[in-house]
Structure formats: C-alpha cells, structure tokens
1. Write down Rg/Rh for region 74-121, rounded to two decimals, with Rg from the C-alpha atoms and Rh from the Kirkwood relation over Cα pairs.
2. Would you mind listing how long region 222-281 runs along its three principal axes, going by Cα atoms, in whole Å with the largest first?
3. Stick to the Cα atoms of region 162-206, pair each with every other, and give me the Kirkwood hydrodynamic radius in Å at one decimal.
4. Go ahead and estimate [θ] at 222 nm for the chain from helices alone: -39,500 (n - 2.57) per DSSP H run with n ≥ 4, summed, over the residue count, rounded to 500.
5. What value does region 37-190 have for Rg/Rh, both radii from Cα atoms and Rh as Kirkwood defines it?
6. Along each principal axis of its Cα atoms, how long is region 5-53 end to end? Whole angstroms, biggest number first, please.
7. Take the chain, connect every pair of alpha-carbon atoms lying under 10 Å apart with a spring to form a Gaussian network, then pick out the residue of 282, 194, 60 with the largest mean-square fluctuation.
8. Could you give the C-alpha radius of gyration of region 260-318 expressed as a fraction of 2.2 N^0.38 Å, taking N as the number of residues it contains?
Amino acid sequence: MAFPDTRPRRLRRTPALRRLVRETTLSPDNFIFPLFVCPGTGVRREISSLPGQFHFSVDALAREAEEIAKLGIPGVILFGLPSKKDEVGSEAWHQEGVVQKAIRALKKAVPELTVAVDACFCEYTTHGHCGVMTDGQLDNDATLENLGRAALSYARAGADIIAPSGMLDGFVGFLREGLDEDNFDHVAILAYAAKYASAYYGPFRAAADSTPAFGDRHGYQMDPANVREAMREVALDVEEGADIVMVKPALAYLDVISEVRNEFDLPIAAYNVSGEYAMLKAAAEKGWIDHDRTMLETLLSMRRAGADMILTYHAKEAARLLRAG
C-alpha cells in the first residue's frame, strides 16, 4: 500500500500551526457598526425585527459610541428616523435634523470614531421611496439635487464619509463636485455601487420605517440575476470619484464581491444586511446553530471573498469574541 508523499494535514495539526498558515484574517478593524438615530431624549429602544439592535436618541449615543470605540471598531454608519416626513424627504438636509445632531454629538464624545452617514430618502419620505417621485417613478435628476443638499448638511455637521445608497445614475460624480466646491474635498464617498433589489432588507425596513407605500424599488436597485451589470455600475462610480465601493447584500452576493475585488483596487465594503443578521439570530434561538461560530464564519467569508470592511450589526459581539481570542 502506497502512503501519500504530500500531507496537507501536517499544517492543520495544532492551533498555532493553523494560525501561522491562515490566509484570511478577521478583526474589529474590519467593522462598521450601523446605528439608528431617532427623535426624543433618553431613548434606547430595542428593535423587534433586529434583536440586540436599538433605536437611540441623540443624547443616548455618547455611551454607545464610547463602547464601540473601546471594542476597537473604527467606524459607524448612521440611519435617521425623522420627526416628520414629506413627499421629498426634506428633513434629510435640515441642519438641525436628527442625523446632523447625532454627527456633532458623536464627534464631541468620541472624536477618533469615523462617522459615515447613509445618504438616502426612504426613511424621510411619506411614500418610502428613495427620492422625488414623478408620475409614480423615481425622478433621478431631481433627487440628485436633494441628495446634494443632504450630503452638504452632513459634511457641515462633521461627517467623515458620505454613503449615497439610492442607486441613482451619476450620484457619485454629482456629490463629489458639490462637496469639493464647498471645500469638503476631505470628505470621502462610500458608494453603494452594486445594491441589489433584495428580499434580505425586510428587517431593516421595519427598523427604519422605510417600506414603500406603493410599488417596489426594482426600477432603481439591481436585478439579483446580474453580475456584469454590477461591474459596470462599480466602474462608473470609480470613474466619478468614489473612494470606497460597496456590494449589498453580502452573503448571497459573495461572487459579486469577488468579481469586484479581482477587477478594482479600491477599498471594498460589504453590507451584512438585516435579513442575514436576523436569520442567524432566529436559527440560534431555535438551537439549530452555534451562533458565535456561525457568525464569525459568515463574516470571514465576506473577507475571504475580498471585502476590506464589513458593515454589520454583529460588529460589537464579533469584536468581543475576536478580542477574547
């Protein structure tokens, strides 16, 4: 009987050997933690569709931000629940809006924390769509004008990163030009470059009160069947000046992340979205999976596919486990 000359198992024999040959790493440095900001005072209200996540009032954010920073997580991304909505989402660019106040509060409490802001209108409009609606359709260019107003208000409040998420044509170039003209050339743009019309967003829409009142978003978000289209979208955003490009969702689109990684050398973000988070929590509650192992394996798969950073609701619990070794 011939014995094998090559024995790959040698390098899997001990934990130390496995660490020495590990190809992909996962660290708190890779995480951006989403935060939902709401009106009021003293609010820290758990979100029923996202167990372990909360709506925070601005005054409650400081303690949360301090904990996030102590865990070694370098950044957060803000989503706002306005005090009022209208047809165009004008509260999004109000200088005393809930997100603008939150940016200033975070920068005062934890100056070293990177603050990104999701720039979209679905939470702010009465109809729940991502901008101005004309004859039942999203008006791309009218929405760009409002997006520019919102981005400048976030930059003036002190945001480090603006993250336009509406999948509007030309949104990166429009924002880059507007920010630069207003002397905010230091503010980065994280483009939701390949954002799919996904069923995985359900828990987020409940959390952000952003479900469309009519129709759907298939006319501006991408068809889940398409990869080549994603590459065209990413290329356009890169040409227009994006500093970081993102694929959303992450888990069902690892192939897209990999394709983008192979083609572009910009930093790549992946959004580990609400449905991915909620499914894992539900399965763990049933006792069907080991929550912590599955969570870390899931996040590692996104890094392995090529993501440099991961927007994830798991950030705090993952950081604790990783720091504990």
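The values are calculated or read from the model by the stated rules, or taken from the named source; none is laboratory data. Owing to the predicted nature of the structure, the values given are computational and were not obtained by experimental measurement. As a convention, Cβ positions derive from the backbone with ideal geometry for all residues, glycine included, and neighbour counts pool all protein chains shown. We work out accessible area using only protein heavy atoms, side chains counted, and drop any ligands, DNA or RNA first. Shrake-Rupley method; radii C 1.70, N 1.55, O 1.52, S 1.80 Å.
1. Here the Rg-to-Rh quotient is 1.00.
2. Ordered largest first, region 222-281 gives principal extents of 38, 23, 18 Å.
3. Roughly 12.0 Å, rounded to one decimal.
4. Roughly -11500 deg cm²/dmol at 222 nm, from the helical runs in the chain.
5. Working: Rg = 15.4 Å, Rh = 15.9 Å.
Here Rg/Rh amounts to 0.97.
6. 68, 21, 14
7. Comparing 282, 194, 60 in a Gaussian network model of the chain, the most mobile one is 282.
8. Compared with the compact-globule rule of thumb, region 260-318 sits at 1.23.
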